[in-house]
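For reference, the structure is listed below as structure tokens.
The values are calculated or read from the model by the stated rules, or taken from the named source; none is laboratory data. Predicted, not measured: the structure shown is a model, and the values here were computed from it. Heads up, the Cβs are rebuilt from the backbone with ideal geometry, glycines too, and the neighbour counts pull from every protein chain shown. Please note that ligands, DNA and RNA were not included when accessible areas were found on the heavy atoms of the full protein model with its side chains. Shrake-Rupley method; radii C 1.70, N 1.55, O 1.52, S 1.80 Å.
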Amino acid sequence: MNIFRFAGDMTHLISILVLLLKIYATKSCSGISLKTQELYALVFLTRYLDLFTDFISVYNTIMKLVFIASSLAIVWCMRMHRVVRRSYDKDLDTFRHYFLILASLILALLVHEKFTFQEIFWALSIYLEAVAILPQLVLLQRSGNVDNLTGQYVFFLGAYRAFYILNWIYRYFTEQHFSRWIGERLRAVLLVLASPLEKQCKTAATSLNRAKAFSFFSKATVSRNWMQFRY
């Protein structure tokens, strides 16, 4: 493991902890997109199907369990908690995220390493993570304001993606068996998926203080998320 991947994992973990702190401390999920959280839960569930079949390391297993459990906990709170769910901005969170799921699934069926159940869902998780943040960006752009904890959440989430871009670049130059087939096929596809909302992301960045940095990171994620590695 290199320092960029470790830093990415830690900032990702911090972003989740900040979001959970906001929900449990304020009993509110205002400003948070349930659809983005559902997409992330789906990403982790489909990516870590090998959790009980392939053991890599204790660190690897713990991080998988943490990401799955925390993403499901957030979705449960926003949907089922009798107090938290009242603050959900349903009228603002209207992004049709099922189109992202469908497009990612079609792409996974067309572009994958091996045509097996586990590899198809692994590919789905890669493509879906590249665009999972879009409902959150749209919600922030429509709401026009963001509280401190929500701003910290999106900032650390953006930092996580930035560190992982550095991780991919580092591994490109240092690992002999680096796989480039995804990058050659997906760069243009992900740009097409992101382009309709690129203008909205820029607008959101100008109106949200802490989301300024994240807007840059998220656009970089969509345009450069052409390589991903297993935990």
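Provide the net charge surrounding residue 35, with neighbours chosen by a C-beta distance below 12 Å and charges set as Lys +1, Arg +1, Asp -1, Glu -1.
Details: positive: 79, 90, 96; negative: 38, 89, 93.
Around residue 35, the charge tally is 0.
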When you count, for each residue, the other Cβ atoms within 10 Å and take the mean per peptide, how do 128-135, 89-96 rank with the highest first?
128-135, 89-96
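What FRET efficiency comes out for the pair residue 116/residue 65, r = Cβ-Cβ distance, R0 = 22 Å, nearest 0.05? Show your work: numbers first, answer last.
Values: r = 23 Å, r/R0 = 1.07.
Calculated transfer efficiency: 0.40.
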Can you list which of the chymotrypsin sites (Phe, Trp or Tyr not before Pro) found in the stretch 18-91 are DSSP loop residues with at most 16 other C-beta atoms within 10 Å?
52, 55
First check a/c for the stretch 1-53, with a ≥ b ≥ c the square roots of the eigenvalues of its C-alpha gyration tensor; if it is under 1.5, answer rounded, and if not, answer prolate when a/b is larger than b/c or oblate otherwise.
oblate
Translational D (Stokes-Einstein, µm²/s) of the stretch 63-123 at 25 °C and 0.890 mPa s when Rh comes from the Kirkwood sum over C-alpha pairs?
172
Carbon and sulfur atoms account, in whole percent of the 1.4 Å probe accessible area of the stretch 1-153, for 67
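Take every Cα-Cα pair in the stretch 1-132 and report what % of them are more than 22 Å apart. Kindly include the intermediate steps, with their values, before the conclusion.
On the way: 3806 of 8646 pairs.
The calculated P(r) of the stretch 1-132 puts 44 percent of pairs beyond 22 Å.
Assuming a strict under-26 Å limit between Cα atoms, what lysine pair count do you get for the stretch 1-125 once near-sequence pairs (fewer than 8 apart, same chain) are dropped? Numbers along the way, then the final one.
On the way: 22/35; 22/64; 22/90; 27/35; 27/90; 35/64; 35/90; 64/114.
So the count of such lysine pairs works out to 8.
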Lys/Arg +1, Asp/Glu -1 at C-beta; the stretch 19-178 dipole; positive extreme among 173, 43, 106
43
Could you order 46, 116 so the one with the most accessible surface comes first? Probe is 1.4 Å.
116, 46
Everything considered on the Cα gyration tensor (a ≥ b ≥ c; rounded for a/c under 1.5, else prolate if a/b is larger than b/c, else oblate), the stretch 22-86 must be described as prolate
